[in-house]
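Q: Okay, handing you the structure first.
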Amino acid sequence: MSNSNATGRCLCGRIRYRVTGKTIWSGYCHCESCRRFSGAAVTSWLGVAEDDLEFDGEKPSIYEIDGVRRGFCPHCGSSLTYAADRFPHYVQLHVGTLDEPDRVRPEDHVHCEEKVAWLEISDDLPRHEGSAADDNNDWMKS
Ligand SMILES: [Zn+2]
Ligand SMILES: [Zn+2]
């Protein structure tokens, strides 16, 4: 899947980005920390190589804890990015911040163990109890 030149921005538009390379992973995350950070019951992500993400103008502010760095706009509060020590040179973007979110199709569900009980998944995509990386060590090499 190619998302070259996909663009996105935060709610207020002070932070804008462009993806210049291919998608490494796209999917839903049901983990509690994504839920709290975004305020949404489930998050959807587009993962790319760090070098394939460019910001125009301001860069996101970072909240870092336990080797995880979550980027957000300090002006409007939009959740934007995820990066972690365990996934070097890799960054994820909230699909909801893309200008054309329809370009990204989720491939699977991760951290289903933490899914809210009332959310019913009706698609046939693979569901991982933890992260896709826990189930498949090759997931980042596509
Ligand atoms: Zn903003
Ligand atoms: Zn998550």
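Q: Need pairs with beta-carbon distance below 8 Å; first residue in contact (Cβ under 8 Å) with a residue 60 or more places away in the chain and over 16 Å from Ala40 (Cβ atoms) and within region 61-89, second surrounded by 13 or more Cβ atoms within 10 Å (Cβ to Cβ) and aromatic (Phe, Trp, Tyr); sequence gap 6+ or separate chains.
A: Matching pairs, first to second residue: none at all.
Q: Could you please let me know if Thr20 is among the polar types (S, T, N, Q) and either buried (at least 21 other Cβ atoms within 10 Å of the Cβ) or closer than 22 Å to Gly130 by Cα (or both)?
A: So Thr20 does not fit the description; no.
Q: Could you grab me the full set of residues in region 103-116 that are at pLDDT below 95 and either part of a helix (DSSP H, G or I) or out of contact with any strand residue (DSSP E or B) (no Cβ under 7 Å at 6 or more places or on another chain) (or both)?
A: Pass one, region 103-116, residues at pLDDT below 95: 103-105.
Arg103, the sole residue that qualifies.
Q: Evaluate region 119-127: report whether one residue or more is more than 15 Å from ligand 1 (Cβ to nearest atom), surrounded by 15 or more Cβ atoms within 10 Å (Cβ to Cβ), under 12 Å from the mean Cα position of the chain (by Cα) and not β-branched (Val, Ile, Thr).
A: Residues of region 119-127 more than 15 Å from ligand 1 (Cβ to nearest atom): 119-127.
Cutting the leftovers down to surrounded by 15 or more Cβ atoms within 10 Å (Cβ to Cβ) gives us 127.
Now drop any that are not under 12 Å from the mean Cα position of the chain (by Cα), which leaves none.
Checking region 119-127: not a single residue is more than 15 Å from ligand 1 (Cβ to nearest atom), surrounded by 15 or more Cβ atoms within 10 Å (Cβ to Cβ), under 12 Å from the mean Cα position of the chain (by Cα) and not β-branched (Val, Ile, Thr).
Q: In this structure, is Glu50 without any contact (Cβ under 8 Å) to a residue 60 or more places away in the chain, closer than 22 Å to Gly8 by Cα and out of contact with any Cys (no Cβ under 6 Å at 6 or more places or on another chain)? Before the answer, list the steps.
A: Details: without any contact (Cβ under 8 Å) to a residue 60 or more places away in the chain: yes; closer than 22 Å to Gly8 by Cα: yes; out of contact with any Cys (no Cβ under 6 Å at 6 or more places or on another chain): yes.
Here the answer is yes, as Glu50 does meet what is asked.
Q: Sort through Gly77, Gly57, Gly67 and tell me the only one that's within 13 Å of Arg18 (Cα to Cα) and not polar (S, T, N, Q).
A: The unique qualifying residue is Gly57.
Q: Residue check, Asp102 against (1) without any contact (Cβ under 8 Å) to a residue 12 or more places away in the chain; (2) within 15 Å of the chain's Cα centre (by Cα); (3) farther than 20 Å from Lys22 by Cβ, all met but one. Which one?
A: (3)
Q: A further question follows. State whether the residues of region 40-48 include one that is farther than 13 Å from Val95 by Cα and exposed (fewer than 13 other Cβ atoms within 10 Å of the Cβ).
A: Of all residues in region 40-48, those farther than 13 Å from Val95 by Cα come to 41.
So of that shortlist, the ones also exposed (fewer than 13 other Cβ atoms within 10 Å of the Cβ) come out as 41.
Checking region 40-48: at least one residue is farther than 13 Å from Val95 by Cα and exposed (fewer than 13 other Cβ atoms within 10 Å of the Cβ).
Q: Could you go through region 88-99 and let me know if any residue there is out of contact with any helix residue (DSSP H, G or I) (no Cβ under 9 Å at 6 or more places or on another chain) and surrounded by fewer than 17 Cβ atoms within 10 Å (Cβ to Cβ).
A: yes
Q: Wholly within region 8-96, which strands (runs of 3 or more DSSP E) include no fewer than the required count, namely at least 2 residues that are modelled with pLDDT under 95, closer than 30 Å to Ala117 by Cβ and away from ligand 1 (no atom under 12 Å from the Cβ)? Even if it seems obvious, please write down each step before you answer.
A: On the way: elements: 15-19, 25-29, 43-49, 53-57, 61-65, 68-72, 79-84, 90-94.
In region 8-96, no matching strands (runs of 3 or more DSSP E) lie anywhere.
Q: Assess whether Gly71 counts as being within 13 Å of ligand 2 (Cβ to nearest atom) and either crowded, with 16+ Cβ neighbours inside 10 Å or within 19 Å of Ala133 (Cα to Cα) (or both). If you could, list the steps in order and put the result at the bottom.
A: Values: within 13 Å of ligand 2 (Cβ to nearest atom): no; either crowded, with 16+ Cβ neighbours inside 10 Å or within 19 Å of Ala133 (Cα to Cα) (or both): yes.
No.
Q: Okay, moving on. Taking the options Arg86, Arg105, name whichever one is within 15 Å of ligand 2 (Cβ to nearest atom) and either touching a His at 6+ places or on another chain (Cβ under 9 Å) or more than 20 Å from Gly39 (Cβ to Cβ) (or both).
A: Values: Arg105 fails: within 15 Å of ligand 2 (Cβ to nearest atom).
Going through Arg86, Arg105 in turn, the sole match is Arg86.
The values are calculated or read from the model by the stated rules, or taken from the named source; none is laboratory data. From a predicted model like this one, the values you see are computed outputs, not experimental measurements. Neighbour counts run over all protein chains shown; Cβ positions are idealised from the backbone, glycine included.
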